[in-house]
Amino acid sequence: MRELVETARRWTAEGRAAFLARPVAEQGFGPRDPAGALLVDARGECVGALYRGVFDAELAAEAAAMTAGATARVCDVSVGADEAVEAKLTCGGRAEILLQPLSAVPAEWWDLLGDGAGVALVTRLDAQAGHAVSEVVRAVDVPADDAGRRAGELLATRRPGRDALYGERGLVFVEAYPSAPYVVIGGAGELAEIIEAQALLLGWGACPVGSVAEAGKQLAARRDAACLVMLSHDPEFDVPTVRTALALGIPYVGTLGSRKTTARRREGLLASGVSEADLARVHGPIGLDLGARTPAETALAICAEILAVLGGHEVRGLRDSDGPLR
């Protein structure tokens with residue numbers, strides 16, 4: 001969705017009759033992009049990625065058939081096994097696609113997406129009447145109603161997600177686009193460089209830092225997306241930086257080092273006033289228990305643990321093992 005921002009802004013400025021398409025419900029297809037969306041104009045030009053383009057022509061026709069004044073249209077689309085193979089999809093499937101005129105999508109949505117903010121779009125839909133109303137929900141200000149709570153839950157996973165809530169008043173469609181994780185790496189060297197490269201490969205941001213002040217500035221500036229990976233073993237750097245990350249509520253805090261180093265950090269953090277409850281949030285020794293040996297394998301184990309923790313998945317980390325570290 002974020003890759004559509006500039007096109008959406010340009011088409012809106014041009015006054016072009018255009019529509020935003022994304023799935024409300026899906027069945028089949030195999031692995032798919034949870035952020036997949038498509039912009040289509042009245043002439044059939046398509047920008048974006050939705051099921052590898054297999055439905056682009058069909059959705060363009062549906063958009064052209066939308067009646068004047070309608071703010072929503074739900075289309076049923078499907079693809080068989082043979083067509084799926086031709087389109088290089090894993091398997092066939094069917095979906096319900098929501099089409100909305102760009103004029104019905106709040107401009108604030110595109111602005112916040114373009115800024116990289118964590119944001120959700122809540123769309124209340126009356127498909128029979130061809131009507132929908134969309135409102136923007138920011139990660140820092142989530143409403144207390146059912147849709148707001150669901151938006152908050154999806155944003156908290158730090159991964160794009162969608163959900164359809166069915167109630168007495170009809171369908172409420174929730175789309176969440178959290179800020180991409182931003183890995184603040186405490187320390188320098190080969191491992192820091194590989195972690196940064198791995199993070200960028202995942203579409204995350206990353207920034208090596210070398211001082212307590214620099215780390216605190218980066219963590220505070222990107223509080224809604226930051227993760228801390230502390231590689232340095234310097235007590236004047238690692239303890240105060242980890243303490244700052246915990247105080248800010250950073251959702252992932254990991255520390256590299258032997259069990260002896262981990263114990264030293266723990267004592268330093270306790271002495272600095274960090275509670276046992278906050279200490280339990282520190283992943284140290286850092287990384288999933290993958291048997292990593294090389295710097296590249298260690299970076300993979302670290303980024304995999306970040307991904308799992310942010311997504312709320314229970315996995316076995318080195319912190320939870322009691323054997324020697326390789």
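The values are calculated or read from the model by the stated rules, or taken from the named source; none is laboratory data. Because the structure is predicted, anything quoted here is derived from the model rather than measured. All Cβ positions, even for glycine, are placed from backbone atoms using ideal geometry, and neighbour counts span all protein chains on display. These accessible areas exclude ligands, DNA and RNA; they are computed on the full protein's heavy atoms, side chains included. Shrake-Rupley method; radii C 1.70, N 1.55, O 1.52, S 1.80 Å.
Shown for the stretch 181-264: the carbon plus sulfur share of the solvent-accessible area, taken with all protein chains present and a 1.4 angstrom probe, equals 56%.
The amide H of residue 24, built 1.01 Å from its N in the peptide plane, has 96, 97, 98 as neighbours under 5 Å, considering only residues 5 or more places off or on other chains. Per residue, the convex hull spanned by the alpha carbons of the stretch 124-217 comes to 108 Å³. Quick one: pull the percentage of alpha-carbon pairs in the stretch 49-105 with a separation above 16 Å. Tail of P(r) above 16 Å: 46 percent of Cα pairs. Each residue of the stretch 32-48 was assigned a 3J(HN,Hα) from its phi angle through the Karplus curve 6.51 cos²θ - 1.76 cosθ + 1.60 (θ = phi - 60°); the sequence is 8, 7, x, 9, x, 7, 9, 9, 9, 9, 5, 8, x, 5, 10, 10, x Hz, with glycine and proline shown as x. Computed on the chain, with alpha-carbon pairs under 8 angstrom and 6+ residues apart, the relative contact order is 11 percent. The C-alpha atoms of the chain define a longest principal axis, and helix 190-201 lies at about 10 degrees to it. Normalised per residue, the accessible area of the stretch 1-150 is 48 Å², obtained with a 1.4 Å probe and no contribution from ligands, DNA or RNA. Summed over all non-identical Cα pairs, the Kirkwood treatment of the stretch 187-249 gives a radius of 12.0 Å. Note on residue 223/residue 64: beta-carbon distance plugged into 1/(1 + (r/R0)^6) with R0 of 30 Å gives a FRET efficiency of 0.10.
Across all directions, the average projected area of the convex hull around the alpha carbons of the chain is 19.0 nm².
Per the Debye formula on identical point scatterers at the alpha carbon atoms of the stretch 162-214, with no solvent, log10 I(q)/I(0) at q = 0.21, 0.29 Å⁻¹ is -0.76, -1.06.
Against the chain, whose longest principal axis comes from its Cα atoms, helix 212-221 is set at around 20 degrees. Highest mean packing first, where packing is the average number of other Cβ atoms within 10 Å per residue, the peptides 267-276, 251-260 line up as 251-260, 267-276.
Under the 0.36 nm per residue contour assumption, what length would be gained going from the current alpha-carbon distance of residue 264 and residue 149 to full extension?
37.4 nm
The alpha-carbon atoms of the stretch 206-326 define a convex hull whose volume equals 103 cubic angstrom per residue.
Here the stretch 35-129 is treated as a Stokes sphere of Kirkwood radius computed over C-alpha pairs; at 37 °C and 0.692 mPa s its diffusion coefficient rounds to 221 µm²/s. Taking the longest Cα principal axis of the chain as reference, the axis of helix 259-271 is set at about 90 degrees. Multiplying the residue separation of residue 13 and residue 276 by 0.36 nm and subtracting their alpha-carbon distance yields 89.3 nm.
For the pair residue 128 and residue 96, the difference between a 0.36 nm per residue extended length and the Cα-Cα distance amounts to 10.1 nm. Calculated mean residue ellipticity, 222 nm, the chain: -10500 deg cm²/dmol, from DSSP H runs (n ≥ 4) at -39500 (n - 2.57) each, averaged per residue and rounded to 500.
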